[in-house]
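What follows draws every value from the coordinates through simple rules; no lab data is involved. Because the structure is a prediction, the values reported are computed rather than measured. Neighbour counts run over all protein chains shown; Cβ positions are idealised from the backbone, glycine included.
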């Protein structure tokens, strides 16, 4: 009986000790600031605003508002990766039409990923 009392007392003492929540990490990707996210978002939105890209997106039933909304829903990591890929495509010297198709494909893939998550 004494052993049970000691165990019960120990459990109550441990339960009574205040616990503090540890700080939760933000959803910002490591080494990426909010300014960097804004820059990535601006870069991708500039590509989406391209006349050829906008026409193809509209042909697939996407309004500019829907595209901007879905771009805003991308995680920082996905947005950064998309922005980096756009820079690589532009630097590769592809034609504007090829660049537009690749951008549309990348955005379509991201839209599907968001829709499935």
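Where does each of 63-71, 50-58 land if you order them by average Cβ count within 10 Å, highest first?
Highest to lowest by the protection proxy: 50-58, 63-71.
Which percent of Cα-Cα pairs in segment 29-116 sits in each 10 Å bin, short to long?
All Cα pairs, binned at 10 Å, distribute as 17, 53, 27, 3 percent.
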